[in-house]
Amino acid sequence: MQNVGVIQRYREYLPALRDESIITLHEGSTPLIRAKRLEKYLNANAAIYLKYEGLNPTGSFKDRGMTMAISKAVDEGAKAVICASTGNTAASATAYAARAGLRCYVLVPKGNIAMGKLAQSMMHGAQVLQIDGLFDEALEIVRKITEEQKITLVNSVNPYRIEGQKSAAFEICDELKYAPDFHALPVGNAGNISAYWKGYREYFSTDKIKALPKMIGFQAEGSAPIVKNRQIDNPKTIATAIKIGNPASWRMAVAARDESGGLIEAVTDDEILHAYQLLASLEGVFCEPASAASVAGVLKLNKRKFFSNSSTIVCTLTGHGLKDPERAIESSDKPISVPADLTKILDAMGL
Ligand code: AN7
């Protein structure tokens with residue numbers, strides 16, 4: 001069956017749009033992968049699923065919201081769009097804007113965005129502005145720009161982004177035929193956890209599911225404003241995607257946590273990198289470091305026997321590992337150099 005994209009698949013749950021305004025790269029319908037080797041490793045009597053959002057067209061979950069935000073911009077006659085980004089929003093916005101024929105500006109924190117994401121943004125013909133500053137400052141600036149200029153803001157403060165992103169929760173329920181007991185996510189600007197919670201609640205209120213999941217979110221220890229309940233002025237983490245000190249959807253994320261009876265906790269960079277490597281080596285699933293925060297959090301909670309027997313846990317893996325090749329190479333054993341000689345190669349292989 002052809003993947004028609006998020007808007008056409010879930011149109012009845014989304015704001016109205018004219019057909020001719022729809023801009024899609026056939027995002028969504030990503031795999032929900034059972035992680036049996038990870039379950040065994042955890043010694044957990046739980047079913048763990050990975051929602052592999054790295055398989056969206058630009059390699060992250062942002063495409064779900066971007067198809068909606070860019071289509072709405074087209075519907076409303078916009079000529080240009082702008083966003084601040086730690087990388088993935090920029091990669092997605094530039095691709096969808098290119099497809100729509102819209103001008104696109106992206107502001108990214110210089111030196112703090114993974115190479116793959118920068119490459120994507122540069123390829124799609126957008127104006128890429130690197131600022132000497134943090135994501136939080138970039139977001140403040142683009143908000144000011146869009147108050148004064150006729151440019152549409154496509155960060156997740158644009159409500160259509162959340163509308164599109166909630167489709168991931170629908171897909172999980174459609175596939176499992178129920179909602180998981182727990183849904184684990186990395187939390188950065190806090191739009192995605194809010195979007196999933198909105199999706200689950202809508203399915204609950206239309207009787208598509210009989211129970212709601214507990215939302216469990218994870219921030220990086222050095223960049224955990226929601227956990228610490230205060231803005232972080234100098235956020236630090238190797239997971240550059242979630243290096244955010246003052247999340248735009250802070251209040252919505254706290255509501256998702258509290259209404260669902262879940263939690264938002266911190267995981268260290270070491271815990272993130274450990275989960276990142278485990279996913280690749282145990283499950284064959286390559287995600288970017290920030291994405292692994294969801295699994296790092298599940299590992300941490302599992303150690304303190306947080307999950308009851310036979311729970312179903314879904315972990316969203318928000319972005320593809322190829323986004324950040326430098327981190328992957330840094331985190332792995334180096335390849336062995338050998339001459340093109342059979343005997344020497346067999347010797348190196350230990351055979
Ligand atoms: C891989 O691209 O904020 O909590 O500007 O790229 O919804 O912000 C990215 C965020 C998790 C956090 N995982 O999601 C941006 C940006 C990855 C991400 C998050 C991001 P939110």
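With the structure loaded, tell me whether residue 69 is open to solvent by less than 20 Å² (accessible area, probe 1.4 Å) and in contact with a Leu (Cβ under 7 Å, 6 or more places away or on another chain) or whether it fails that test.
Criteria not met by residue 69.
If the condition is being closer than 21 Å to residue 191 by Cβ and surrounded by fewer than 22 Cβ atoms within 10 Å (Cβ to Cβ), then region 146-157 contributes 146, 147, 151, 153, 157.
If you scan region 117-145, which residues turn out to be surrounded by 20 or more Cβ atoms within 10 Å (Cβ to Cβ) and not aromatic (Phe, Trp, Tyr)? Correct list: 117, 120, 121, 124, 126, 134, 136, 138, 139, 142.
Taken residue by residue, region 266-285 has at least one member that is over 30 Å from residue 177 (Cβ atoms), of a type in the set (Asp, Glu), buried (at least 17 other Cβ atoms within 10 Å of the Cβ) and touching a helix residue (DSSP H, G or I) at 6+ places or on another chain (Cβ under 8 Å).
Residues in region 1-12 that are farther than 16 Å from residue 52 by Cβ and open to solvent by 40 Å² or more (accessible area, probe 1.4 Å): 1, 2, 4, 8, 9, 11, 12. Filtering region 280-307 to residues that are over 16 Å from the mean Cα position of the chain (by Cα) and in contact (Cβ under 8 Å) with a residue 12 or more places away in the chain leaves 280, 282, 283, 298, 299, 300, 301, 302, 307. Among residues of region 304-333 being among the basic types (Lys, Arg) and at pLDDT below 95, the one that is least open to solvent (accessible area, probe 1.4 Å) is 304. Return the residues of region 188-205 that are within 16 Å of the ligand (Cβ to nearest atom) and among the aromatic types (Phe, Trp, Tyr); say none if nothing qualifies. Selection gives 196, 197, 200.
Note on region 169-187: residues that are open to solvent by 10 Å² or more (accessible area, probe 1.4 Å) and either of a type in the set (Gly, Ala, Ser) or within 14 Å of the ligand (Cβ to nearest atom) (or both) total 2. Tell me which of these residue 58 doesn't satisfy, since it passes every other one: (1) in contact with a Phe, Trp or Tyr (Cβ under 6 Å, 6 or more places away or on another chain); (2) assigned to a loop (DSSP other than H, G, I, E, B). Residue 58 satisfies every listed condition except (1).
For residue 44, state whether it is of a type in the set (A, V, I, L, M), more than 21 Å from residue 125 (Cβ to Cβ) and touching a helix residue (DSSP H, G or I) at 6+ places or on another chain (Cβ under 7 Å).
So residue 44 fits the description; yes.
Is it true that some residue in region 213-230 is more than 19 Å from the chain's Cα centre (by Cα) and among the acidic types (Asp, Glu)? No: zero hits. Within region 3-24, the set of residues being touching a residue at least 12 places away in the same chain (Cβ under 8 Å) and over 17 Å from residue 160 (Cα atoms) comprises 3, 4. If you filter region 241-277 down to residues that are among the polar types (S, T, N, Q) and under 24 Å from residue 200 (Cβ atoms), you find that the one that is farthest from the ligand (Cβ to nearest atom) is 260.
The values are calculated or read from the model by the stated rules, or taken from the named source; none is laboratory data. Bear in mind that the values here come from a model prediction, so they are computed numbers and not experimental data. Counting neighbours? That spans all protein chains shown, and the Cβs are built from the backbone with ideal geometry, glycine included. In case anyone asks, the SASA skips ligands and DNA or RNA and just uses the protein heavy atoms, side chains included. Shrake-Rupley method; radii C 1.70, N 1.55, O 1.52, S 1.80 Å.
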